[in-house]
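**Student:** Dumping the structure here so I can ask a few things about it.
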Amino acid sequence: MSESPYWFLALFALAAFGFAVMPLCLARLWAISFSPQKPGPDKNATYECGLQAKGDAWVQFKAEYYLYGIIFLVFDVEAIFLLPFAVAFSELPFAAFLAILLFVFLIVEGLAWAWAKGILNWR
Amino acid sequence: MSDTPNDGLRGELSKHGVFTTTLEGIHNWGRRNSVWPLQFGLACCAIEMIATSMARYDLARFGAEVFRPSPRQADLMIVAGTVTKKMAPQVVRLYNQMPEPKYVIAMGACAISGGPFKQGYNVLKGIDRYLPVDVHIPGCPPRPEALIHAFMTLQRQIDAQSLKGEDRPRHLRAEADSEFPVPTFGPKDLSPSSNPNTWVPPKVSRKG
């Protein structure tokens, strides 16, 4: 144990932990001995530029952009990969052909998903 | 801080290159040199406030260049401009949302008294009706030098605050409120029309 060359790593880990925790403890100690904590309904409220907040901050955002991300992958990124595939098609071994088929399948799956979601319809 | 019995000893030590301080002294030194104002302006005084923070007047020399866009990170509220009665609840709420210790500078004639718009039906006649103002600056608008002077006055006030004892400032007393009542729109005026704990109407005495 005493001959282990890595014992100082434990020391470093301890120092890193203390470096992070000690300021928190000092701040807590300062609050206890000098500066009392004063929470209140306004201070704990959601910040809304001084106006009274409507609802709370835990609202659900609609991440609808991912569908356009899928379409972008299907029609733009896939084309970039398909072009070298087509150029080198005759010299490819069978395993490479299977791999690229899997890739195309994954992309087409995304297209089917987007189609099912109905974002290919022109509105 | 300057009239403690150890002052002579401290001066003697500093001659020999030994620096000593008190916890209170270094605490106040840190606080007065890192007062971060809340970034908001209400009227034309804000233009002078912006000029103060820019390169020509350079409020950064006093450690106050970091205008914070959120009250959660601000120490100082510079009420720069006319406070309308529609805006007053928001100003008080922003003050309530600032963490302690917090200070208020009322900048300009409007913020301290209503100024040229005092007779207006929609103008609050001084933000000190709702908030504990530390420094008032007269002027319409006050020049950046006046704001810097007010800032240095605030720094001197912070420097004189004590950590313990009966005269310690409001934010160190557990029983003192951190939040001030936010006025609401009543049928004719803001209700309440002032906070009696921070503002008492001046007595008008007419003789003869």
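Laboratory data are not the source of any read-out in this text; all were calculated from the coordinates shown. Everything numeric in this text was worked out from a predicted model, so none of it was measured. Note that we place each Cβ from the backbone using ideal geometry, even for glycine, and neighbour counts take in every protein chain shown.
**Student:** Rounding to the nearest 20 debye, state how big the charge dipole of chain B is about its Cα centre with +1 on each Lys and Arg Cβ and -1 on each Asp and Glu Cβ.
**Tutor:** 740
**Student:** Another question about this same structure. So how many Lys-Lys pairs in chain A land under 29 Å Cα to Cα, not counting same-chain pairs under 8 apart?
**Tutor:** Qualifying lysine pairs in chain A: 5.
**Student:** Whole number please: convex hull volume per residue of the Cα set in region B:46-101, in Å³?
**Tutor:** 81
**Student:** Taking only complete DSSP H runs, can you tell me which helices of chain A stretch 24 Å or more along their own long axis by Cα positions and average at least -0.5 on the Kyte-Doolittle scale?
**Tutor:** Those that clear 24 Å and a mean of -0.5 are A:7-33, A:94-117.
**Student:** A follow-up question, please. Can you tell me, using C-alpha contacts under 8 Å and at least 6 residues apart, the relative contact order of chain A as a whole percent?
**Tutor:** Dividing the mean separation by the residue count of chain A yields 23 percent.
**Student:** Using the alpha-carbon atoms, what tilt in degrees (0 to 90, nearest 10) does helix B:144-159 show relative to the longest principal axis of chain B?
**Tutor:** 60
**Student:** Search the structure for amide H atoms under 5 Å from the amide H of residue B:76, placed 1.01 Å from N in the peptide plane, and list their residues when 5 or more places away or on another chain.
**Tutor:** Those lying under 5 Å, H to H, from residue B:76 are B:36, B:38, B:103.
**Student:** Taking 0.36 nm per intervening residue step and subtracting the Cα-Cα distance, what contour gain separates residue B:10 from residue B:68 on full extension?
**Tutor:** Net length gain for the segment: 17.2 nm.
**Student:** While we're here: Count of lysine pairs in region B:68-137 with Cα atoms under 16 Å apart, counting only pairs 8 or more residues apart in sequence or on different chains?
**Tutor:** Lysine pairs meeting the criterion: 4.
**Student:** Classify chain A as rounded, prolate or oblate, taking a ≥ b ≥ c as the square roots of the eigenvalues of its Cα gyration tensor: rounded when a/c is under 1.5, otherwise prolate if a/b is larger than b/c and oblate if not.
**Tutor:** Since a/c reaches 1.5 but b/c is at least a/b, the shape of chain A is classed as oblate.
**Student:** For the pair residue A:71 and residue B:149, how long in nm is the line joining their label points, each one 7 Å along Cα→Cβ?
**Tutor:** Computed distance between label sites residue A:71 and residue B:149 equals 6.4 nm.
**Student:** Can you show me the helix-derived [θ] at 222 nm for the protein assembly as shown, built from DSSP H runs with n ≥ 4 at -39,500 (n - 2.57) apiece and divided by the number of residues, rounded to the nearest 500.
**Tutor:** -12500 deg cm²/dmol
**Student:** Find, to one decimal place in angstroms, the Kirkwood hydrodynamic radius of region A:1-51, where the mean of 1/r is taken over every pair of different Cα atoms and then inverted.
**Tutor:** 14.8
**Student:** Taking N as the number of residues in chain B, what value does Rg over Cα atoms divided by 2.2 N^0.38 Å take?
**Tutor:** 1.14
**Student:** Further, regarding this structure: Using a ≥ b ≥ c from the Cα gyration tensor of region B:38-158 (square roots of the eigenvalues), is it rounded, prolate or oblate, where a/c under 1.5 gives rounded and otherwise the larger of a/b and b/c decides, a/b for prolate?
**Tutor:** oblate
**Student:** Let me make sure I get this right: for region B:106-153, a, b and c are the square roots of the gyration tensor eigenvalues over alpha carbons, sorted descending. Under 1.5 in a/c it's rounded, otherwise prolate if a/b > b/c, else oblate. Which is it?
**Tutor:** Oblate.
**Student:** Kindly provide log₁₀ I(q)/I(0) values, in the same order as q = 0.09, 0.10, 0.11, 0.12 Å⁻¹, from the Debye equation applied to equal alpha-carbon scatterers of the protein assembly as shown.
**Tutor:** -0.72, -0.80, -0.87, -0.95
**Student:** Tabulate in residue order the Karplus-calculated ³J(HN,Hα) for region B:45-62, using 6.51 cos²θ - 1.76 cosθ + 1.60 with θ = phi - 60°, rounded to whole Hz; enter x for Gly and Pro.
**Tutor:** Taking θ as phi minus 60°, the curve returns 4, 5, 5, 5, 5, 5, 4, 5, 7, 8, 5, 5, 9, 6, 5, 4, 4, 9 Hz for region B:45-62.
**Student:** Follow-up question, since we're still on this one. By how many degrees, 0 to 90 and rounded to 10, does the Cα axis of helix B:23-32 deviate from the longest principal axis of chain B?
**Tutor:** In chain B, helix B:23-32 runs at an angle near 40 degrees to the longest axis.
**Student:** Roughly how big is the protein assembly as shown's charge dipole about its Cα centre, with Cβ charges of +1 (Lys, Arg) and -1 (Asp, Glu), in debye to the nearest 20?
**Tutor:** 1680
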